[in-house]
1. Which listed residue (L14, V144, L160) has the Cα farthest towards the positive end of the charge dipole for the chain, taking +1 on Lys and Arg C-beta and -1 on Asp and Glu C-beta about the Cα centre?
2. Kirkwood Rh, segment 12-166, all Cα pairs: how many Å?
3. Using a Gaussian network model on the chain with a 10 Å cutoff between Cα atoms, which of L126, L58, L14 fluctuates the most?
4. Report the charge-dipole magnitude of segment 32-104 in Debye, nearest 20, computed about the Cα centre from +1 at each Lys and Arg Cβ and -1 at each Asp and Glu Cβ.
5. In what sequence, highest mean first, do 131-141, 33-43 appear when ranked by Cβ atoms within 10 angstrom?
6. At a 10 angstrom cut-off on C-beta neighbours, averaged per residue, how do the peptides 97-103, 65-71 rank from highest to lowest?
7. Please state the charge dipole magnitude for segment 119-168, taken about the Cα centre, from unit charges on C-beta atoms (+1 on K and R, -1 on D and E), reported in debye and rounded to the nearest 20.
8. Quick one: if the Förster radius is 30 Å, what FRET efficiency do T30 and E77 give, using the C-beta to C-beta distance and rounding to 0.05?
Amino acid sequence: MAKLEILTYPDKRLRQVAKPVTEFDDRLRTLSKDMAETMYGAPGIGLAAVQVDVAQRLVVMDLSEEKNQLRVLVNPEIIKQEGCISTQEGCLSVPEVYADVERAEKITLRAQDINGYPFEIEADELLAVCIQHEIDHLNGKVFVDYLSRIKQERIRKKILKETRLAYA
Ligand code: NI
């Protein structure tokens, strides 16, 4: 297994729109394991392939406290949604930035597992929010896109400044 580099906002590669996964092979298995290791190491609760510069519709997620309930979502899509919930979100690609975002409160998700078997789950609260956040990544979208222009600009400047300091 290997840890992968996580792209940092405002990196343009975070804007890639991921393509559907069609091959459920060892490459996909290795990628999902590497992504899981990268997510656990960060540490974070979710990671989309676009965040490690792979334009494929693949997400790993683990919301458990013990970090022993890994979910792998291949080609995830929301087929039903209802309600509205506002929660504070963060993102491994936007370090140390947290902001309230409105999402659907309840969703029905359709996805495939690592072997290509289709499944559906109903999700609410944190799981629903996390799934919507990760699917956004697969569509080239980052949670700060929901904030005001002024806030986005502030975040961009803050991160660019910190990145420059880190490499100075
Ligand atoms: Ni994120």
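Bear in mind these aren't lab numbers, they're just calculated from the coordinates by the rules spelled out. A quick note: this is a predicted structure, and the numbers were derived from the prediction, not measured. Here the Cβ is made from the backbone with ideal geometry for all residues, glycine too, and neighbour counts use every protein chain on show.
1. Among L14, V144, L160, the one farthest towards the positive end of the dipole of the chain is L160.
2. Result for segment 12-166, one decimal place: 16.1 Å.
3. L126
4. Roughly 260 debye, rounded to the nearest 20.
5. Packing proxy ranking, top to bottom: 131-141, 33-43.
6. Highest mean packing first, the order is 97-103, 65-71.
7. Computed about the Cα centre, the dipole is about 840 debye.
8. After rounding to 0.05, the efficiency reads 0.80.
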